[in-house]
Amino acid sequence: MHRMEKEGAPDLLQDEIVSEQLTRNIQFFGLDSQRKVTESFVVVIGLGGVGSHAASMLLRSGVGRLLLVDFDQVSLSSLNRHAVATREDVGMPKALCLKKHFSNIFPECQVDAQVVLYDASSEEEILSGNPDFVLDCIDNIDTKVALLAACVRRGLKVLSATGAGARADPTRIRVADLRESTNDPLSRSVRQRLKRDHGIEGGIPVVFSLEKPKVKLLPFKGLTGEEENPSEYQVVPGFRVRIIPVLGSVPAIFGQIMASYVITKLAGLQIENEPIVNFDVEHYQVLHQRLIEHEELVYGTASEVQVDVEEVRYVVKELWHGRSAKDGSFKGVGRAMWRSVNELMLVRWDQTKPASVSNLILLKFDEVDEHESMTLDDIKENEPEFYQRVSTVLKRASLDFNL
C-alpha cells in the first residue's frame with residue numbers, strides 16, 4: 001500500500017487550493033485520471049540538470065509522493081542547468097535543495113530526500129515501497145547499469161536518460177527502447193553492460209538524442225595546472241572527474257520529456273511515440289515507385305494508387321515502423337532493421353480496394369506472393385491474430401485521415 005503510504009490517505013484533489021493549482025491538469029486528463037497521478041509514488045535518482053527538471057515538473061503536475069536521491073551537492077557551475085537552485089544553495093545537497101524549494105511550490109506532496117549514492121547497499125532502501133515509476137537520471141555507467149538491472153529484476157517501471165551533455169539541438173531528442181538509441185556513447189556502454197552482465201537486451205525506455213555530441217570531454221588539469229590522470233582525483237570510484245560541456249537548455253528538455261512521459265503513463269493517457277525509423281526521403285520515393293510498378297504488374301494499371309510520397313512516409317513510419325507487418329511486434333525495434341529497406345515493399349491489404357493509406361501494408365519481398373494468393377477471409381481464418389493486428393493498425397490510418 002504505497003499510494004500515499006496507506007489506502008485511507010486523504011484525496012488531495014478534495015482540497016480547494018490543490019484542485020485550483022492543478023485545474024489545468026484536471027481539465028487535460030479528467031478528474032479520475034489526475035487522481036491517479038496525485039496518488040502516485042515516483043522515485044527520481046540523480047538530481048542534476050536532467051533529474052531536477054524532471055522532479056520539478058512531476059511535482060508541479062501533482063504527483064503525490066516523491067523520493068529524491070542524490071549524493072552530490074549543488075555547485076556554482078551547475079546553476080546553468082539546475083531547475084530551482086540559487087547561489088544561496090551552493091554547497092547544499094541537491095536532494096535537500098529540491099525538497100526545500102518544493103515545499104513552497106506544492107507543500108501537499110510528500111517529498112522524501114536521501115543524500116546517498118545509489119548502489120547495492122542502498123538498493124533496498126531506495127527501491128522498496130513499490131514505486132509507480134523510477135526515473136534514472138544518473139550519468140555514471142556503473143550506477144546506471146546497476147539501477148536499471150535492479151528495476152528489471154524487481155519488475156519496476158523505469159525510464160532512463162542517456163547523455164544530454166555536449167548537445168544543442170532539441171528537435172533531435174527522442175523516447176524509444178534502449179536498443180534504438182544511437183549516437184550516444186553512454187547508452188552504447190549501458191546496452192553492452194546490461195546484456196553482458198545481466199542478460200538484458202531491451203525493454204527499457206530511454207530519452208536520448210539523435211544528435212552527435214558537439215564537443216568532447218575537457219582535458220583534466222590537476223592542482224598544478226598540468227594535465228593529470230583524472231582517476232586519481234575521484235571522490236567516488238567510477239564517477240567522472242573530467243567536465244562535459246553542457247548547454248543548460250538540453251538537459252532541462254530531457255527532464256521535461258521524462259516528466260511528461262511518466263505523467264501521461266500514470267494518468268493512463270495513451271501516447272504513440274514517434275518511431276525511430278532512419279529512412280530518408282529517397283527511401284520513401286523508392287517505396288512509392290516500387291508500389292506503382294507492382295500495381296502495374298499485378299493490376300495492369302497504377303490508377304488506383306492513392307498515396308503520394310508523403311503519405312507513403314506516414315504508412316511506412318507511423319503505421320508499420322519501418323518493418324514488415326508480419327514481424328508481429330513494433331516495440332522492440334533494433335538497429336538491424338535499417339538495412340532492410342531493400343527487402344520491403346508496400347502492397348494492398350484488401351486486393352478489392354484501392355492502394356490508399358488505410359489499405360497498405362509493408363511486407364518483405366518473399367512474403368508478398370503468399371499474401372496476394374490469399375483473400376482476407378483466408379487470412380482471418382488461418383491467421384486470426386495477424387488479421388486483427390493489421391485491421392487495428394489500418395483503422396488508426398482511417399481515423400488519422402478521416403476516411
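The values are calculated or read from the model by the stated rules, or taken from the named source; none is laboratory data. Quick caveat: nothing in here was measured; it's all calculated off a predicted structure. Here the Cβ is made from the backbone with ideal geometry for all residues, glycine too, and neighbour counts use every protein chain on show. Side chains are part of the model used for accessible areas, which takes the heavy atoms of the whole protein and leaves out ligands, DNA and RNA. Shrake-Rupley method; radii C 1.70, N 1.55, O 1.52, S 1.80 Å.
Side notes on the structure shown:
- Residue, farthest from Ile244 (Cα to Cα), within region 175-190, restricted to residues that are touching a helix residue (DSSP H, G or I) at 6+ places or on another chain (Cβ under 8 Å) and either aliphatic (A, V, I, L, M) or surrounded by fewer than 22 Cβ atoms within 10 Å (Cβ to Cβ) (or both): Arg179
- Pair list, Cβ < 6 Å and 6+ apart or interchain, from region 345-368 residues that are within 17 Å of Val393 (Cβ to Cβ) and of a type in the set (Val, Ile, Thr) to residues that are open to solvent by 40 Å² or more (accessible area, probe 1.4 Å) and at pLDDT below 95: Val357/Glu311; Val357/Phe401
- Asp11 meets each of the listed conditions (1) charged (D, E, K, R); (2) within 27 Å of Ala150 (Cα to Cα); (3) modelled with pLDDT under 95 apart from (2).
- Selection of first residues in region 2-21 that are on the phi < 0 side of the Ramachandran plot and of second residues that are open to solvent by 90 Å² or more (accessible area, probe 1.4 Å) and at pLDDT below 70, restricted to Cβ pairs under 6 Å at least 6 apart or on distinct chains, gives the following pairs, ordered by first then second residue: Glu7/Met1.
- Within region 158-169, if we keep just the residues that are surrounded by 16 or more Cβ atoms within 10 Å (Cβ to Cβ) and out of contact with any Cys (no Cβ under 6 Å at 6 or more places or on another chain), the residue that is nearest to Gly268 (Cα to Cα) turns out to be Leu159.
- For Leu66, the stated conditions hold: it is more than 21 Å from Gly163 (Cα to Cα) and within 22 Å of the chain's Cα centre (by Cα).
- Residue check for Leu22: at pLDDT 95 or above and surrounded by fewer than 16 Cβ atoms within 10 Å (Cβ to Cβ): no
- Against the numbered list (1) in a helix (DSSP H, G or I); (2) in contact with a helix residue (DSSP H, G or I) (Cβ under 7 Å, 6 or more places away or on another chain), Leu362 comes up short only at (1).
Residues are listed down the side, and each one gets a yes or a no for (1) modelled with pLDDT under 95; (2) β-branched (Val, Ile, Thr); (3) buried (at least 17 other Cβ atoms within 10 Å of the Cβ):
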site: Ile17; (1), (2), (3): no, yes, no
site: Phe29; (1), (2), (3): no, no, yes
site: Val43; (1), (2), (3): no, yes, yes
site: Ser56; (1), (2), (3): no, no, yes
site: Val63; (1), (2), (3): no, yes, yes
site: Lys94; (1), (2), (3): no, no, yes
site: Ser103; (1), (2), (3): no, no, no
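- Matching residues, region 123-134, being open to solvent by less than 50 Å² (accessible area, probe 1.4 Å) and farther than 30 Å from Glu16 by Cα: Glu123, Ile126, Leu127, Ser128
For every residue, the table says whether it meets (1) open to solvent by 30 Å² or more (accessible area, probe 1.4 Å); (2) out of contact with any His (no Cβ under 7 Å at 6 or more places or on another chain).
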| position | (1), (2) |
| --- | --- |
| His53 | yes, yes |
| Val84 | no, no |
| Gly91 | yes, yes |
| Phe106 | no, yes |
| Ser121 | yes, yes |
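- Complete set of residues in region 375-397 that are under 20 Å from Gly322 (Cα atoms), free of Cβ contacts under 8 Å to residues at least 40 places away in the same chain and aliphatic (A, V, I, L, M): none
- Checked against (1) closer than 21 Å to Phe133 by Cβ; (2) surrounded by fewer than 21 Cβ atoms within 10 Å (Cβ to Cβ); (3) aliphatic (A, V, I, L, M), Leu76 meets all criteria but (1).
- Test: residue in region 368-391 that is surrounded by 15 or more Cβ atoms within 10 Å (Cβ to Cβ), in contact with a strand residue (DSSP E or B) (Cβ under 7 Å, 6 or more places away or on another chain), charged (D, E, K, R) and under 17 Å from Met345 (Cβ atoms): no
- Subset of region 94-119 (residues that are among the basic types (Lys, Arg) and over 25 Å from the mean Cα position of the chain (by Cα)): Lys99, Lys100
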